[in-house]
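The values are calculated or read from the model by the stated rules, or taken from the named source; none is laboratory data. Keep in mind the model is a prediction, meaning the values are calculated, not measured. Because the Cβ atoms are built from the backbone with ideal geometry, glycine has one as well, and the counts that use them run over all protein chains shown. For accessibility, only protein heavy atoms count, side chains too; no ligands or nucleic acids. Shrake-Rupley method; radii C 1.70, N 1.55, O 1.52, S 1.80 Å.
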Amino acid sequence: QVVDPPHPCAGSAYPHGLFASRDFKRGVTLGQYAGCIQSGAAHARRHWSRHAQGQYGIELDVSDGLCSALGLVLDAKHVGNECRMINDYRDIAAECNVRFMTVASPSKGVWVDVIATRAIGSGDEILADYDDGAAGRAPRASPSTTTT
């Protein structure tokens with residue numbers, strides 16, 4: 001959905017946000033963050049230039065036997081789904097309402113789930129903490145990792 005003022009993304013190159021079309025309970029998986037997997041170095045070269053607009057990378061933070069994804073980034077800048085429209089909560093709300101969780105399975109691979117950290121009402125904007133796993137930024141706390 002395109003956002004209007006006073007939303008901080010209004011009028012920017014990417015004036016979008018992701019809004020809930022129904023209610024979600026805390027702990028529910030809203031969806032998977034989709035994109036192309038690339039090395040962290042390739043992602044940095046491609047996106048951290050003076051011409052870059054919008055950052056859509058999530059660091060894959062799991063290393064469990066055959067499912068190591070350390071040093072890789074899931075980049076949704078050009079390929080992805082609606083989850084790439086999730087904005088950072090700062091200047092929009094007091095706290096985020098979702099988190100990104102890297103999940104690994106020896107038979108299914110590695111992916112990133114979007115998990116509700118609190119109840120989300122229909123019409124609420126879906127907001128994450130970009131400093132907790134966004135590519136190119138150090139997480140403030142250890143990201144959660146689940147192995148199935």
Scope the stretch 85-126; condition free of Cβ contacts under 8 Å to residues at least 60 places away in the same chain, of a type in the set (D, E, K, R), open to solvent by less than 60 Å² (accessible area, probe 1.4 Å) and within 16 Å of Q32 (Cβ to Cβ); matching residues: none
Output for the stretch 13-26, where each listed residue is assigned to a loop (DSSP other than H, G, I, E, B) and open to solvent by less than 50 Å² (accessible area, probe 1.4 Å): P15, G17, L18, A20
Failed criterion for D23 (all others in (1) modelled with pLDDT of 95 or more; (2) within 18 Å of N81 (Cβ to Cβ) hold): (2)
